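Structure, as structure tokens:
The values are calculated or read from the model by the stated rules, or taken from the named source; none is laboratory data. Since the model is a prediction, treat every value here as computed from it, not as a measurement. Here the Cβ positions follow ideal geometry from the backbone for every residue, glycine too, while neighbour counts run over all protein chains shown.
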Amino acid sequence: MPPTLEPQPGGGELLGDPVGRAGAGVSDEPPRRSSKSPRLTAGLACLEEHTMSHLFTGRLIGLLCDDCSEPLVGATVRLVRSTSITISSDAAADPKHTAIVLEASVADTRADDFLGEAVIGEDGLFRVELAERYDGEAFDVDIFCGTMTGHKVPPKPLSFTLTTLAPQWRPVEDGFVAAWSYDIPHRIWCGLRGRLGWWSICGHVRVCDSAIAVPGVKVSAFDVDWLQDDPLGSAVTDTSGHFRIDYTADAFRRTPWSPSINIELVAGPDVYFWVDGPTGVLLHEPRSRGRQPDRENVGPCFCVDLCVEDVPPGTDQPYPWFDHIGSYKTLTGFDSAPGGTGHTLGDDRAFYAGLRLNGVLGRLFSGQPAEYRFEFDAGAGWQPVRPALMNAMQIGTWQRLTGSFPPVETKRVVVLGANGPDEVAVAPDADGWIAVPQDNSLTTGLFVPNNNLLGLDSASISAQTHDLAGIVAGQSTAPAGLAADEYVALRMVVRVAGQPATQVQAGIAERVALANTTYDQVQKHGSWVPTRVDGQLGVISLDVQELIGHGCARITNALNVNYTAAHPDLGSMSLTVTGPGGPYHYPLPPIAQDFFGTVNTLLDSADNPVTIASLPKCSYLLQGSIDLLLTTGDSVPLPITDQIAFTTQ
């Protein structure tokens, strides 16, 4: 039987487990904020006179089954000061212990205690700023869910108090913050959905006696009725074989005389299913199946597993999936696990500049046109990669048979491209969603993916600039601030085009080290040709002590070289002299991120010490070179150098 609502003393009703849950209540009407509710209007007017000093954020998800849930998008979270005489026990109790349905008049009596509200956004997230008069005490969390996105608004919207909270407030610069996340148990949430008139079936289709999912098949649900069977709805399974069918109570209360007469002898539908694939019938349950105990009179949330004998031909489609940055696979090419280094394995490189995010791209998702986008988390939650953060990227080729010469016409398919004779442009929308081209005929045009998914300008999400003005060769760069790698997570999400409820994660790299540091005012050419340059990827500066103050002085019996090199991913440095009898080099100590000092022992190619006074009279070139442990995933940066010419003549 579906969850029922039993009247309670004092005008309330309990919903779900009879464990007891003081302070969690439900009202059949939302607290009214129009002129019909002067008490609430007065409360709101009072609220507007104060500034906000407490910020309460959270996330609310309603569970339909253990593996089927929905964010409460579009519902309103309303915080109301708790007036219960058992506030301490209410706040300490778990919200799963039953909600109480209150009389409609109760909502209005709470207007004077109104503290703030917000509409729940994407992924169930909300943010409420409380009135300044709020002083950290416990409050009730009320939910008004008559206008949730993706649902038919019921004729009698519902508001309820989910729980009483006494948040642990954390002081910040402008006040206090607290956060709370909760998954409403299915016994509570499904009872509420029933009152709202929202009914759903969630399930999986698998191959019998196995865990093999059956994607891309149509599942239809029917209600066995005494006069006619009512179709409840249908859905197409996703790549994991999962489906969800949403319907209303009217769907199983219909009769041949509807809407004048609706008749249903039991509280819920008696359900049986058909499963159809592209090549025909896979499963047609008899209507008698709906009269068996596990299918009779199902509730507002019904979870079911269906099985077919085999995966039908023609349902296999490439599943969109992100698993590479350039040539590095996310699982085995770099340390992408939570808490990992984010560096490539084997050569220990961080990523920088434009990254080619790639994997597998398919036209369809759950048997329908697909779209995808990338998201990043730099520590402030998942954010979309919008067009301003992208680079142009070819994701495939468009080809067509012409019937003439040349027999095949081809064009590049480029995200952020430009339509032309040789190119087909794919334009992401403002939120970064990329519609996969649906061309699927060699006669009119066929899209052939190349596994590229997106060009990411990593410097647009993580970059540092350090000014080295005043720092000369031989000195530490610490006064300018030592650079460090920054870490982000990257993921791809995919959905049926235009259908947010179908969105799923399709590959993730949870730890990516980015090093888009640039250095300005870096000294170059020492005292020979003094120069300062900007936009350097790494620091390498040289000077010869014997030339300081006299850039063209002759070197006689000493060549003391000051050097400075810096980068969070500094790989190696070499210091060489080119000229007669060379090449020569200076031995250096072990490398470090902030690398500086002075060397004076010149060696020949056999590592024998060289007396400066013995160098042939001629011109020489001193060069320092550094290698950075960076990669775009496909290439590495060239060495960075500094040079000084000198003469012994």
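Could you list all residues from segment 194-248 that are of a type in the set (Phe, Trp, Tyr) and either touching a His at 6+ places or on another chain (Cβ under 9 Å) or closer than 16 Å to LEU364 by Cα (or both)? Matches in segment 194-248: TRP198, PHE243. Of LEU588, LEU603, which residue is within 26 Å of THR477 (Cα to Cα) and modelled with pLDDT of 95 or more? After ruling out the rest, the residue left standing is LEU588.
Scanning segment 524-575 for residues that are closer than 30 Å to HIS343 by Cα and of a type in the set (Val, Ile, Thr) yields VAL533, VAL539, ILE540, THR564. The listed residues are ASP569, ASP627, ASP543, and the only one of them that is acidic (Asp, Glu), in contact (Cβ under 8 Å) with a residue 60 or more places away in the chain and within 28 Å of LEU514 (Cβ to Cβ) turns out to be ASP569.
For every residue, the table says whether it meets (1) over 18 Å from ALA370 (Cβ atoms); (2) out of contact with any Lys or Arg (no Cβ under 8 Å at 6 or more places or on another chain); (3) assigned by TED's automatic domain parsing to the domain that holds GLN523; (4) not small (Gly, Ala, Ser).
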| site | (1), (2), (3), (4) |
| --- | --- |
| GLN394 | yes, no, no, yes |
| GLY403 | yes, yes, no, no |
| PRO406 | yes, yes, no, yes |
| GLU409 | yes, no, no, yes |
| ASN419 | yes, yes, no, yes |
| ASP431 | no, no, no, yes |
| THR465 | yes, yes, no, yes |
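None of GLN394, GLN383, GLN399, GLN317 is surrounded by fewer than 21 Cβ atoms within 10 Å (Cβ to Cβ), closer than 25 Å to VAL236 by Cβ and polar (S, T, N, Q) except GLN317. Against the criterion of being modelled with pLDDT of 95 or more and farther than 30 Å from ARG193 by Cβ, THR315 does not qualify.
When THR641, THR564 are checked against the criterion of being surrounded by fewer than 19 Cβ atoms within 10 Å (Cβ to Cβ) and either polar (S, T, N, Q) or assigned to a strand (DSSP E or B) (or both), THR641 stands alone in meeting it.
If the condition is being among the aliphatic types (A, V, I, L, M), more than 20 Å from VAL360 (Cα to Cα) and modelled with pLDDT under 95, then segment 491-533 contributes ALA501, VAL529.
In the set (1) buried (at least 18 other Cβ atoms within 10 Å of the Cβ); (2) more than 27 Å from SER366 (Cβ to Cβ), the condition left unmet by PRO437 is number (2). Please specify each residue of segment 501-534 satisfying the condition of being within 31 Å of the chain's Cα centre (by Cα) and small (Gly, Ala, Ser). Listed by number, the residues that qualify are ALA501, ALA506, GLY507, ALA509, ALA513, ALA515. Listed conditions (1) under 29 Å from ALA501 (Cβ atoms); (2) of a type outside the set (Phe, Trp, Tyr); (3) surrounded by fewer than 17 Cβ atoms within 10 Å (Cβ to Cβ) are all met by LEU389, apart from (3). Scanning segment 586-607 for any residue that is buried (at least 16 other Cβ atoms within 10 Å of the Cβ), in a loop (DSSP other than H, G, I, E, B), aromatic (Phe, Trp, Tyr) and under 51 Å from the mean Cα position of the chain (by Cα) turns up at least one such residue.
Taken as a whole, the condition of being modelled with pLDDT of 95 or more, surrounded by fewer than 19 Cβ atoms within 10 Å (Cβ to Cβ) and polar (S, T, N, Q) does not apply to SER614. Screening the candidates LEU331, LEU364, LEU357 for the property of being over 19 Å from the mean Cα position of the chain (by Cα) and of a type outside the set (Val, Ile, Thr) yields one hit, LEU364. VAL522 - would you say it is out of contact with any His (no Cβ under 9 Å at 6 or more places or on another chain), more than 21 Å from TYR328 (Cβ to Cβ) and either basic (Lys, Arg) or touching a residue at least 24 places away in the same chain (Cβ under 8 Å) (or both)? So VAL522 fits the description; yes. Scanning segment 385-427 for residues that are part of a strand (DSSP E or B), among the hydrophobic types (A, V, I, L, M, F, W, C) and free of Cβ contacts under 8 Å to residues at least 24 places away in the same chain turns up VAL408, VAL414, ALA425.
Considering segment 529-545 alone, what residues qualify as being surrounded by fewer than 20 Cβ atoms within 10 Å (Cβ to Cβ) and either assigned by TED's automatic domain parsing to the domain that holds ASP485 or in contact with a Leu (Cβ under 7 Å, 6 or more places away or on another chain) (or both)?
Of all residues in segment 529-545, those surrounded by fewer than 20 Cβ atoms within 10 Å (Cβ to Cβ) come to 529-535, 537, 545.
Within segment 529-545, LEU537 is the sole residue that qualifies.
Residues being over 29 Å from ALA483 (Cα atoms) and over 39 Å from the mean Cα position of the chain (by Cα) are represented in segment 621-636 by at least one member. A single member of GLY280, GLY268, GLY233, GLY241 is at pLDDT below 80 and either under 25 Å from VAL504 (Cβ atoms) or not basic (Lys, Arg) (or both), and it is GLY280. Filtering segment 159-190 to residues that are among the small types (Gly, Ala, Ser), over 18 Å from GLY124 (Cβ atoms) and touching a His at 6+ places or on another chain (Cβ under 8 Å) leaves only GLY175. The number of residues in segment 414-430 being surrounded by 15 or more Cβ atoms within 10 Å (Cβ to Cβ) and either among the polar types (S, T, N, Q) or more than 15 Å from MET390 (Cβ to Cβ) (or both) comes to 2.
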